[in-house]
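The values are calculated or read from the model by the stated rules, or taken from the named source; none is laboratory data. Remember, it's a predicted structure, so these values are computed and weren't measured experimentally. Quick reminder, even Gly has a Cβ in these numbers, built from the backbone with ideal geometry, and neighbours come from all protein chains shown. Calculation scope for accessible area: heavy atoms of the full protein, side chains included, ligands and nucleic acids excluded. Shrake-Rupley method; radii C 1.70, N 1.55, O 1.52, S 1.80 Å.
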Amino acid sequence: MNAINCIWALTRYSLLGTILIVGIACSSGGSPELSKLPPNGIILAFGDSLTYGTGAGGSQYSYPSILAEKIDRQVINEGVPGELSGEGVARLSQMLDQYQPHLVILCHGGNDLLRQRTDSQIAVNLREMVELVQERGIEIVLLAVPRPALLFMEPAGFYAEIAGEYQIPIDSETLLNLEKNPAVKSDQIHLNREGYRLLAEAVFRLLRSSGAL
């Protein structure tokens with residue numbers, strides 16, 4: 001191989017390597033995308049009391065009800081106050097079969113955190129719920145619940161880990177910020193009407209930024 005051909009070969013492989021690196025960077029960056037919800041798309045909001053709307057004074061003030069009005073689609077509220085994540089695993093399959101949703105909003109694990117269950121066990125249950133949804137070809141988004149604390153509340157890190165592992169959109173900040181603000185809470189744990197309205201707005205933004213709306 002003469003000098004000119006050698007330089008050309010090195011340049012060619014260098015360009016290919018650059019393209020490959022850029023391609024990998026582009027494919028791994030950004031937020032996971034969702035399919036656009038059809039006009040008759042059904043959303044299943046699955047969780048505990050924060051999904052149910054405890055503290056708002058009526059189910060019409062829960063975040064799923066407010067979200068349904070905002071996006072003009074059916075949002076089914078399947079929040080069960082006091083439910084632990086293991087109980088959620090046992091209940092979820094039936095709800096998926098019954099409603100056959102296009103999308104699931106999962107907000108679970110708060111009661112486990114309150115009862116100081118181990119992070120590893122909560123994460124196992126959340127992963128099982130995510131897999132139950134994805135195995136049916138249904139898309140899912142995750143709302144992270146903050147770790148309770150008297151002074152410095154913080155996010156529970158396993159939510160972001162699960163979202164990254166399964167490539168699903170996540171809101172890690174909204175509930176953390178709302179739980180820190182006494183003006184939007186009805187008690188130490190639950191939101192009031194304004195709090196649930198703000199949560200619904202955040203879920204709307206998450207769905208829109210992820211391409212579902």
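Here are some notes:
- Legend: calculated FRET efficiency, Ser59 to Ile138, from the Cβ-Cβ distance at R0 = 25 Å, rounded to 0.05, equals 0.60.
- The phi torsions of region 164-174, fed into the Karplus equation with coefficients 6.51, -1.76 and 1.60 and a -60° offset, translate into couplings of x, 5, 9, 6, 10, x, 9, 10, 9, 10, 4 Hz, rounded to whole numbers, with Gly and Pro shown as x.
- Put simply, the C-alpha atoms of region 72-197 give a gyration tensor, and the ellipsoid matching it has half-axes of 24, 17, 14 Å, longest first.
- Cα→Cβ-extended label distance, 7 Å offset, between Ala160 and Thr118, nm: 2.4 nm
- The HN-Hα couplings worked out from phi for region 102-111 by the Karplus form 6.51 cos²θ - 1.76 cosθ + 1.60 (θ = phi - 60°) are 7, 8, 10, 9, 9, 9, 9, x, x, 5 Hz, whole numbers, x standing for Gly and Pro.
- Extension gain, Gln188-Ser35: 0.36 nm per intervening residue step, less the Cα-Cα distance, totals 51.4 nm.
- Rounded to whole Hz, the Karplus (6.51, -1.76, 1.60) HN-Hα couplings of region 131-144, x for glycine and proline: 5, 4, 6, 5, 4, 8, x, 9, 8, 8, 10, 10, 10, 7
- Between Arg205 and Glu69, the FRET efficiency estimated from the beta carbon spacing at R0 = 25 angstrom works out to 0.95.
- Residues His102, His190, sorted by accessible area with the largest first, give His102, His190 [1.4 Å probe; ligands and nucleic acids excluded].
- Amide proton proximity set for Ser186, modelled H, under 5 Å, gap of 5+: Leu191, Asn192
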